[in-house]
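The values are calculated or read from the model by the stated rules, or taken from the named source; none is laboratory data. Keep in mind that this is a model prediction, so the values were computed, not measured. Quick reminder, even Gly has a Cβ in these numbers, built from the backbone with ideal geometry, and neighbours come from all protein chains shown.
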Amino acid sequence: MITLDNPALLQQANFINGKWLSADSAPAKFAVTNPATDEIIGYVPSFGKATVDEVVTHADTAWQAFRRLTAKERADLLFRFRKQIMDNQHDLAKIITLEQGKPLTESLAEIQSSANTIEWFAEEVKRIYGETIPPHSHSKRLMTIKQPIGVTAAITPWNFPSSIVTRKCAPALAAGCAIVIKPAPETPFSAIALAYLSEQAGFPSGIFNVITGDEVELGKALCENKTVRMISFTGSTAVGRILLKQSADTIKKVTLELGGNAPFIVFDDADIDKAVSGTIACKFRNSGQTCISANRIIVDKSIYPEYLDKLSKAVATLKVGDGLSPDVQIGPLITHQSALRLQSLVEQAVDQGANLVTGGNILSGNFFAPTILTDTPPDIALTCDEIFGPVAPIMTFTDEAEAIAIANQTDLGLAGYFYSRNISRIYRVAEALETGMVGINTGSISTEVAPFGGIKQSGLGREGAKYGIDEYTEIKYLCIDVT
Ligand code: ADP
């Protein structure tokens, strides 16, 4: 077990209406384990619909006062929140690695990203502008104002247990909303630590809430509660679809960041060394457990031998182990079930014609060997599903049209990547890819200053950038008769 400089950050409790409700005093609780060792880290409460309804009622009251703060007052709170996060960054990073498994360096980068997101929205608070509109009649004056949408809910996944929470809470708080966060059961402690720091930063009671419990019951209760005016979800397309349907009766605003199936194309005019290091960053970060990970590597036949040779050498150097150990680059998968699923996907791919170059097996516990497959058919489970693991399936193409056709052969459209040094091709391919985000000569695209989100069945709405705050506001139109 690790020690924290500030042990108060690891609260075995929920934060509801400014009160800490401990796992031991809750009607039920569940354990959270370290995926590297399977040891229990601690317990969190298991609450149900009644607590959701209670927290939402409190949040609705709290929000009525919070919305009246000036932009500067809300910005100041967010800047204090950011400072709390940076002051505790090492402890927060340890909590991520402990519950999620990623290497400590990646956890620290995630905490920096959380702080950056809060800083970005602290700055954006002051720019929630309305407009004046040239009137249609001599007697009228028209304008718009933007107002907070109200009580919001966030349902978040385990792969980025801190930064995805901040992508939702930062714009919500900036806009003047209250938020109820339901983190993933695998990784609730990072969200709970953020709740603790929001309290230290001085947010009023009831504005920032974290609740844990049965995911199906809590999700349904949040969707069906009519006081919750907006729900923001990051996770699988299957669950996103359920939440969208459940939100229909209350006509909730829904923002969805769902699964991806990112194509990663390497053209014959690419800088191959750069493409290889981009593949490592894009495919193996967080052990491949990101929704924007390269899912299908599509390489021009003429440069394929050189690319494969260089990629194989780079993959052979990746160090797998407990994320708390120095120099580890690949941590465990989140659960043993994930490792078994991955092993089965690779075995099926080999049965269906793929060629296993390296890896393909569970090393021990939840650790999976970095894997490369070649000649991977484009229509098998491995290439049609989100892999969510350190497995790189490679396929080849002979011309640009074929590469684009393979890339777009999916219902998902989150991120896409390609490497080329031909400026005309760069524009052509960037425009042709059916994805919400395109990395060109880079495998790292995430930043709070740019809009994150997908098209097709990868989602609705955008997070981050100047657009992110719009999801948490309503436009109100005012029409004034001046006669
Ligand atoms: P993953 O496959 O990455 O775990 P999920 O979509 O299953 O992605 O989970 C993302 C989030 O959605 C988690 O917080 C999880 O608890 C929650 N969740 C899972 N199933 C449901 C459901 N039926 N209703 C509401 N939330 C759910």
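Taking the condition within 30 Å of T335 (Cα to Cα), out of contact with any helix residue (DSSP H, G or I) (no Cβ under 8 Å at 6 or more places or on another chain) and either without any contact (Cβ under 8 Å) to a residue 60 or more places away in the chain or assigned by the TED database to the domain that holds A316 (or both), does K245 pass? Even if it seems obvious, please write down each step before you answer.
Numbers: within 30 Å of T335 (Cα to Cα): yes; out of contact with any helix residue (DSSP H, G or I) (no Cβ under 8 Å at 6 or more places or on another chain): yes; either without any contact (Cβ under 8 Å) to a residue 60 or more places away in the chain or assigned by the TED database to the domain that holds A316 (or both): yes.
Yes, satisfied.
For P378, are the conditions met, namely being touching a helix residue (DSSP H, G or I) at 6+ places or on another chain (Cβ under 7 Å) and modelled with pLDDT under 95? Let's see the steps before the verdict.
Numbers: touching a helix residue (DSSP H, G or I) at 6+ places or on another chain (Cβ under 7 Å): yes; modelled with pLDDT under 95: yes.
Criteria met by P378.
Considering only residues that are within 16 Å of the ligand (Cβ to nearest atom) and in contact with a Lys or Arg (Cβ under 6 Å, 6 or more places away or on another chain), look in segment 121-161 and name the one that is farthest from R241 (Cα to Cα).
Filtering first and then ranking leaves A154.
Tell me which residues, restricted to segment 451-478, are under 18 Å from Y417 (Cα atoms) and surrounded by fewer than 16 Cβ atoms within 10 Å (Cβ to Cβ).
Across segment 451-478, the qualifying residues are P451, I455.
Checking Q289 against (1) without any contact (Cβ under 8 Å) to a residue 60 or more places away in the chain; (2) touching a Leu at 6+ places or on another chain (Cβ under 9 Å), which single condition isn't satisfied?
Exception for Q289: condition (1).
Just name the residue that is nearest to R285 (Cα to Cα) out of those in segment 323-343 that are more than 16 Å from the ligand (Cβ to nearest atom) and surrounded by fewer than 18 Cβ atoms within 10 Å (Cβ to Cβ).
So, considering only residues that are more than 16 Å from the ligand (Cβ to nearest atom) and surrounded by fewer than 18 Cβ atoms within 10 Å (Cβ to Cβ), the one nearest to R285 (Cα to Cα) is D327.
From the list I118, I164, I111, I95, which residue is touching a residue at least 12 places away in the same chain (Cβ under 8 Å), within 16 Å of the ligand (Cβ to nearest atom), within 22 Å of the chain's Cα centre (by Cα) and assigned by the TED database to the domain that holds S236?
Just one listed residue meets the conditions, I164.
Here is a check on your reading of the model: is S205 assigned by the TED database to the domain that holds A13, of a type outside the set (A, V, I, L, M, F, W, C) and in contact with a Leu (Cβ under 9 Å, 6 or more places away or on another chain)?
Numbers: assigned by the TED database to the domain that holds A13: yes; of a type outside the set (A, V, I, L, M, F, W, C): yes; in contact with a Leu (Cβ under 9 Å, 6 or more places away or on another chain): no.
So S205 does not fit the description; no.
Is it true that some residue in segment 445-456 is among the polar types (S, T, N, Q), in a loop (DSSP other than H, G, I, E, B) and not assigned by the TED database to the domain that holds R285?
yes
What number of residues within segment 195-252 satisfy the criterion of being over 18 Å from the mean Cα position of the chain (by Cα) and not in a helix (DSSP H, G or I)?
Of the residues in that region, 23 qualify.
May I ask you to verify whether F267 is more than 11 Å from the ligand (Cβ to nearest atom), farther than 19 Å from E54 by Cα and in contact with a helix residue (DSSP H, G or I) (Cβ under 9 Å, 6 or more places away or on another chain)? Let's see the steps before the verdict.
Working: more than 11 Å from the ligand (Cβ to nearest atom): yes; farther than 19 Å from E54 by Cα: yes; in contact with a helix residue (DSSP H, G or I) (Cβ under 9 Å, 6 or more places away or on another chain): yes.
Yes: the conditions hold for F267.
Please work out if I387 is β-branched (V, I, T), within 20 Å of K456 (Cβ to Cβ) and within 16 Å of the ligand (Cβ to nearest atom).
Spelling it out, I387 is indeed β-branched (V, I, T), within 20 Å of K456 (Cβ to Cβ) and within 16 Å of the ligand (Cβ to nearest atom).
If a residue has to be of a type in the set (D, E) and either in contact with a Lys or Arg (Cβ under 7 Å, 6 or more places away or on another chain) or under 14 Å from G439 (Cβ atoms) (or both) to count, how many in segment 274-302 make the cut? Explain how you work it out, then say what you get.
Filtering segment 274-302 for residues of a type in the set (D, E) gives 300.
Those left that are additionally either in contact with a Lys or Arg (Cβ under 7 Å, 6 or more places away or on another chain) or under 14 Å from G439 (Cβ atoms) (or both): none.
Total meeting the criteria: 0.
So, in segment 220-248, exactly how many residues are within 9 Å of the ligand (Cβ to nearest atom) and under 16 Å from N14 (Cβ atoms)?
Result for segment 220-248: 1.
I'm trying to understand the selection: among the residues of segment 130-183, which are out of contact with any Ser or Thr (no Cβ under 9 Å at 6 or more places or on another chain), within 28 Å of V56 (Cα to Cα) and not in a helix (DSSP H, G or I)?
Matches in segment 130-183: I145 only.
Let me spell it out: the conditions are (1) surrounded by 14 or more Cβ atoms within 10 Å (Cβ to Cβ); (2) farther than 26 Å from Q409 by Cβ, and P377 meets all of them except one. Which number is the exception?
(2)
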